[in-house]
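What follows is one structure encoded as structure tokens, with my remarks underneath.
The values are calculated or read from the model by the stated rules, or taken from the named source; none is laboratory data. Remember, predicted model here, so these are calculated numbers, not experimental data. Positions of Cβ are backbone-derived with ideal geometry, glycine not excepted, and every protein chain shown enters the neighbour counts. The protein model used for the area step is the full one, side chains on, heavy atoms only, and it has no ligands, DNA or RNA in it. Shrake-Rupley method; radii C 1.70, N 1.55, O 1.52, S 1.80 Å.
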Amino acid sequence: MPKLREALSGVPAYRAGRPAAPREDGSPAYKVSSNENPYPPLPGVLEAVAQAATELNRYPDPNATRLVAALAERLGVETDELSVGPGSVGVFQQILASVAGEGDEVVYAWRSFEAYPIMVQLAGAVSVQVPLTADHRHDLDAMLKAITERTRLVIVCTPNNPTGPSVGLAELDDFLDAVPRDVLVLIDEAYREFGGAMDPAADPAKRYRDRSNVVVLRTFSKAYGLAGLRVGYAVTRPRIAEALRKTALPFGVSGVAQAAAVASLAAEPALLERVSALVAERERVLSALWGQGWPVPDTEANFVWFPLGAATEAFAVECEAAGLVVRAFPGDGVRVTIAEPEANDRLIALGANARDRHL
Ligand code: PMP
């Protein structure tokens with residue numbers, strides 16, 4: 001039998017959200033487990049995809065030249081400060097491959113994005129998980145204290161998946177001042193667009209340009225609605241961007257995906273409209289749940305977090321019965337994506353119903 005790498009033992013495969021099958025009474029069920037966008041691709045995207053598909057016999061542009069140029073212009077950075085990859089999870093893997101090897105430590109808050117522990121372990125590195133505060137936020141002081149000589153990477157997920165709160169900019173400034181310069185800080189902003197702070201001066205991708213040890217990670221999967229095409233990117237200093245290119249899978253981002261991302265960037269007004277509709281839905285759900293007495297944290301992302309502890313699985317089963325396929329983290333809580341208004345209505349109705357049973 002071939003020997004498998006020791007690092008694989010005990011690694012769970014990444015759990016994808018299940019598709020939502022129609023319910024027995026024929027009414028639709030909603031997949032609200034993967035923080036996807038309920039809207040179809042932005043205007044112009046399908047045309048760009050069809051055009052790019054005429055060249056499927058060719059390898060894609062390995063440098064994603066048009067996409068990188070469009071991103072540089074949008075963000076106000078240089079093209080050599082950008083690196084595009086197959087989803088932000090793909091870029092995350094490149095970041096790990098660039099800085100963290102056997103026995104190196106990666107510090108991040110927990111609970112946070114499920115792929116972090118899996119991919120850190122696969123890289124042969126060691127996860128150092130720092131518990132969130134009681135109000136489900138990053139404990140940046142504790143994270144600073146967790147940094148050792150072996151630390152190569154610190155991850156700040158903001159807004160935090162699955163709990164929802166963001167780290168404030170002033171807090172982030174102080175944190176970055178205190179982190180040793182030879183430790184890379186990854187700011188994972190997969191849900192940035194839902195946070196409302198679209199002011200360029202408040203954009204970490206620009207704000208931290210004078211820092212040699214910061215990488216900002218973004219994706220087209222969430223607000224831009226291109227989860228199925230796998231495009232993410234990093235904004236960082238040229239030295240690190242170059243390392244990300246070295247650790248990239250050759251031709252990892254298809255021409256179709258690159259074209260769709262370029263067309264999505266060009267559809268900014270429609271993007272902003274959709275984001276504000278989703279944010280309005282999120283606020284409607286949040287205030288209804290708070291009104292019902294649920295201790296759900298304030299969220300700046302496109303999901304809400306029910307910190308249910310031992311009642312997690314029971315609540316998830318009730319959601320499923322109501323036609324909501326949610327993401328349950330056993331013993332901890334349930335994360336529900338803000339989706340179509342009908343799905344959100346069901347969540348509110350279920351919340352009113354289930355509150356007394358679970359709290
Ligand atoms: N970071 C965070 C915090 C996420 O929640 C996700 C997706 N669930 C990702 C990264 C990866 O997204 P993608 O690979 O689709 O860009």
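Can you pull out every residue in segment 227-261 that is open to solvent by less than 10 Å² (accessible area, probe 1.4 Å) and touching a Ser or Thr at 6+ places or on another chain (Cβ under 6 Å)?
Selection gives 232, 234, 241, 244.
Take segment 198-226 and flag every residue that is more than 18 Å from residue 98 (Cα to Cα), open to solvent by less than 10 Å² (accessible area, probe 1.4 Å) and more than 12 Å from the ligand (Cβ to nearest atom).
204, 205, 208
Among the numbered conditions (1) away from the ligand (no atom under 13 Å from the Cβ); (2) closer than 24 Å to residue 117 by Cα; (3) open to solvent by 30 Å² or more (accessible area, probe 1.4 Å); (4) of a type in the set (Gly, Ala, Ser), tell me where residue 170 comes up short.
(2)
Just to be sure before I move on: is residue 124 open to solvent by less than 40 Å² (accessible area, probe 1.4 Å) and within 20 Å of residue 11 (Cβ to Cβ) in the structure I sent?
yes
Check off (1) over 23 Å from the mean Cα position of the chain (by Cα); (2) open to solvent by less than 20 Å² (accessible area, probe 1.4 Å); (3) more than 20 Å from residue 166 (Cβ to Cβ); (4) of a type in the set (A, V, I, L, M, F, W, C) for residue 322 and give me the number that stays unchecked.
So the condition that residue 322 fails would be (2).
Kindly establish whether residue 137 is within 16 Å of the ligand (Cβ to nearest atom), farther than 23 Å from residue 152 by Cβ and either of a type in the set (Asp, Glu) or buried (at least 18 other Cβ atoms within 10 Å of the Cβ) (or both).
On the way: within 16 Å of the ligand (Cβ to nearest atom): yes; farther than 23 Å from residue 152 by Cβ: yes; either of a type in the set (Asp, Glu) or buried (at least 18 other Cβ atoms within 10 Å of the Cβ) (or both): yes.
The answer is yes for residue 137.
Being open to solvent by less than 30 Å² (accessible area, probe 1.4 Å) and within 12 Å of the ligand (Cβ to nearest atom) is the filter here; which residues of segment 104-117 pass it?
Hits for segment 104-117 are 108, 109, 112, 114, 115, 116.
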